[in-house]
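**Student:** Following this message is one structure expressed as structure tokens.
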Amino acid sequence: MITLDAALTALIYLAECFLLFLIGKFAYKLFQRKIKVGVELVEKDNFAFAVAHVGYFIGLLLAISSAIVGPSNGIWIDVMDIAIYGLLAIVLLNISIIINDKIILRKFVVYKEIIDDQNVGTGVIEGANAIATGLIILGSVSGEGGGIDTALVFWVIGQILLIITAYFYSWITPFDVHDQIEKDNIAVGLGFAGAIAAIGNLIRYGLMIDFVSWQESITNVGIDVLIGLIFLPLARTLTDKILLPGRSLTDELVNQERPNVGAGLIEAFAYIGGSVLITLCL
């Protein structure tokens, strides 16, 4: 049975989280000054931006929740921890969007694709990157023994691993991923986004242990991500043979007049579903 004290404590935590969401909203506008959020969402009905923006808030939800997970140290210490780690998460999440724009989707101007061209495939990838970063922050802050220093280092490691994932995914696909995304190929964008989210989930799993040493934590993450990278090409093959029997995934994505968005969604599910199964089996 929930006591009055527990209910009041939960309300305080909830109010603080809503405040952090509000701060996160203004932080996004500060980091993305050229984007008029209200205009894109309401006046232009920009679905590409809506997808990216929702991904940002999902990532923010995951990142903020990282400060709540775990044993309580007393309400006032908890409130301070939520504030400190919540604000840190907001800053890191917005920086990750810049990294996504400048490195992961480096071959074209993301602002132009999402705002001017309303390219949904690009919006999906930016949203997935925010979600993956939220998962990484969730893993970095969860558990005992760590602090702000470990959270920052693991965030940096996570961003490097997401960049490696992007390069690796481009290498295993038999077509130019960036070229297809720039052509507004939503199907390819979905598949790419699924790979990023899947690896983000594996990094989260590797970090969600009590911090004992750098070696142990980095080894855990390295093993999980290595398994995930090995699984990516396997998942593409399984998508061809099991989820799309009698069809070629590549043909469905790029070798027809209208790319098969459903096939891209199935590919993304294969990656994300596989990452969930891997975490359950490890």
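The values are calculated or read from the model by the stated rules, or taken from the named source; none is laboratory data. These numbers were taken from a predicted model, which means no experiment stands behind them. Here Cβ is always computed from backbone atoms with ideal geometry, including for glycine, and neighbour counts include all displayed protein chains. All accessible areas refer to the heavy atoms of the entire protein, side chains included, with ligands and DNA or RNA removed. Shrake-Rupley method; radii C 1.70, N 1.55, O 1.52, S 1.80 Å.
**Student:** Out of everything in the range 165-174 that is assigned to a helix (DSSP H, G or I) and of a type outside the set (G, A, S), what residue ends up being surrounded by the most Cβ atoms within 10 Å (Cβ to Cβ)? Explain how you work it out, then say what you get.
**Tutor:** So in the range 165-174, the residues assigned to a helix (DSSP H, G or I) come out as 165-172.
Then keep just the ones that are of a type outside the set (G, A, S); that gives 165, 167-169, 171-172.
Details: T165: 24, Y167: 10, F168: 16, Y169: 22, W171: 10, I172: 12.
Going through the qualifying residues, I end up with T165.
**Student:** Would you pick out the residues in the range 121-145 that are crowded, with 24+ Cβ neighbours inside 10 Å and more than 17 Å from N201 (Cβ to Cβ)?
**Tutor:** The answer is G121, T122, G123, E126.
**Student:** Going through the range 152-164 one residue at a time, which ones are crowded, with 22+ Cβ neighbours inside 10 Å and closer than 22 Å to N119 by Cα?
**Tutor:** Listed by number, the list holds a single entry, L162.
**Student:** When the residues of the range 239-251 are narrowed to those that are open to solvent by 70 Å² or more (accessible area, probe 1.4 Å) and of a type outside the set (D, E, K, R), which ends up farthest from S275 (Cα to Cα)?
**Tutor:** Only one residue tops the list, namely G246.
**Student:** On to the next question. Search the range 222-235 for residues that are in contact (Cβ under 8 Å) with a residue 12 or more places away in the chain and pair each with any residue that is open to solvent by 60 Å² or more (accessible area, probe 1.4 Å) when their beta-carbon atoms are under 6 Å apart and the residues are at least 6 apart or on different chains.
**Tutor:** Pairs found: D224/Y205.
**Student:** Next up: Considering only residues that are out of contact with any Gly (no Cβ under 7 Å at 6 or more places or on another chain) and among the β-branched types (V, I, T), look in the range 121-141 and name the one that is farthest from T165 (Cα to Cα).
**Tutor:** Among those residues, the one meeting the criterion is V141.
**Student:** Any idea which of V42, V54 is open to solvent by 40 Å² or more (accessible area, probe 1.4 Å), under 22 Å from W155 (Cβ atoms) and outside any loop (DSSP other than H, G, I, E, B)?
**Tutor:** Details: V42 fails: under 22 Å from W155 (Cβ atoms).
None of the other options fit; the residue is V54.
**Student:** Then there's this: State which residue pairs qualify: first residue in contact (Cβ under 8 Å) with a residue 60 or more places away in the chain and inside the range 18-37, second residue outside any helix (DSSP H, G or I) and open to solvent by less than 80 Å² (accessible area, probe 1.4 Å) in any location, beta carbons under 9 Å apart, and separation of 6 or more residues or different chains.
**Tutor:** That search, which allows pairs on different chains as well, returns L20/A67; Y28/I35.
**Student:** Right, another one. In the range 222-257, what residues are farther than 17 Å from A166 by Cβ and either of a type in the set (V, I, T) or touching a His at 6+ places or on another chain (Cβ under 9 Å) (or both)?
**Tutor:** I223, I227, T237, T239, I242, T250, V254
**Student:** OK, next. Answer yes or no as to whether F108 is outside any helix (DSSP H, G or I), of a type outside the set (G, A, S) and either at pLDDT 80 or above or surrounded by fewer than 24 Cβ atoms within 10 Å (Cβ to Cβ) (or both).
**Tutor:** Values: outside any helix (DSSP H, G or I): yes; of a type outside the set (G, A, S): yes; either at pLDDT 80 or above or surrounded by fewer than 24 Cβ atoms within 10 Å (Cβ to Cβ) (or both): yes.
So F108 fits the description; yes.
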